[in-house]
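J.: Please read through the structure below; I'll follow up with questions.
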Amino acid sequence: MTTLHSIAGPLAAVGVLGTVHMALYKAALRRLDRDLIPASAMPRVRWWSAHVSGALTVTTALAVVGLLGLLAT
């Protein structure tokens, strides 16, 4: 059980922090004025616009798995 607890704690922390970060980033992308973004940064903005929902799903899953692991110990 100690091994599960030592893995679940950091997993839950990373998942929760990632979920909060991706939710804020997704909200920021909705209000983004693309005309103000430099052309050199646009490929990165387009990539994140396409992948932020997937990243949010993964981080939420990590948080849930980590929290379930903590509850199991």
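J.: Cα axis of helix 2-30 to longest principal axis of the chain: angle in degrees, 0 to 90, nearest 10?
T.: Helix 2-30 sits at roughly 20 degrees to that axis.
J.: With the crude spin-label approximation of a point 7 Å out along Cα→Cβ, what separation in nm comes out for Val14 versus Arg30?
T.: Placing both labels 7 Å beyond Cα along the Cβ direction yields 2.8 nm.
J.: Given +1 on the Cβ of Lys and Arg, -1 on the Cβ of Asp and Glu, and no further charges, what dipole in debye does region 9-66 carry about its Cα centre, rounded to the nearest 20?
T.: Numbers: 6 positive and 2 negative charges, 22 e Å.
Rounded to the nearest 20 debye, it is 100 debye.
J.: Can you give me the Kirkwood hydrodynamic radius for the chain, using every pair of distinct Cα atoms, in Å to one decimal? Write out the running numbers ahead of the final one.
T.: On the way: mean 1/r = 0.0737 Å⁻¹.
Every distinct Cα pair counted, the radius reaches 13.6 Å.
J.: Given a Förster radius of 35 Å and the C-beta distance between Ser40 and Ala61 as r, what FRET efficiency does 1/(1 + (r/R0)^6) yield to the nearest 0.05?
T.: After rounding to 0.05, the efficiency reads 0.60.
J.: Would you work out which of Ala55, Leu4, Leu67 lies farthest towards the positive end of the dipole of the chain? Charges go on Cβ: Lys and Arg +1, Asp and Glu -1.
T.: Going by the charge dipole, the pick is Ala55.
J.: Tally up the carbon and sulfur contribution to the accessible surface of region 1-64 as a whole percent, 1.4 Å probe, everything protein left in place. Don't skip to the answer; put the middle values down first.
T.: Numbers: 3180 of 4550 Å².
That fraction is 70 percent.
J.: Rank Ala41, Val16, Ala28 by how far each Cα sits towards the positive end of the charge dipole of the chain (+1 on Lys, Arg Cβ; -1 on Asp, Glu Cβ) and give me just the farthest.
T.: Checked the options; the winner is Ala41.
J.: Next question, about the same structure. Can you compute 3J(HN,Hα) from phi for each residue in region 59-64, using the Karplus curve 6.51 cos²θ - 1.76 cosθ + 1.60 with θ = phi - 60°, rounded to whole Hz and x for Gly and Pro?
T.: Values per residue, Gly and Pro as x: 5, 5, 5, 4, 4, 5 Hz.
The values are calculated or read from the model by the stated rules, or taken from the named source; none is laboratory data. The structure presented is a predicted model; accordingly, all values stated were derived computationally and were not measured. Note: ideal-geometry Cβ built from the backbone for every residue, glycine included; neighbour counts use all protein chains shown. Protein only, heavy atoms only, side chains kept; ligands, DNA and RNA dropped before computing areas. Shrake-Rupley method; radii C 1.70, N 1.55, O 1.52, S 1.80 Å.
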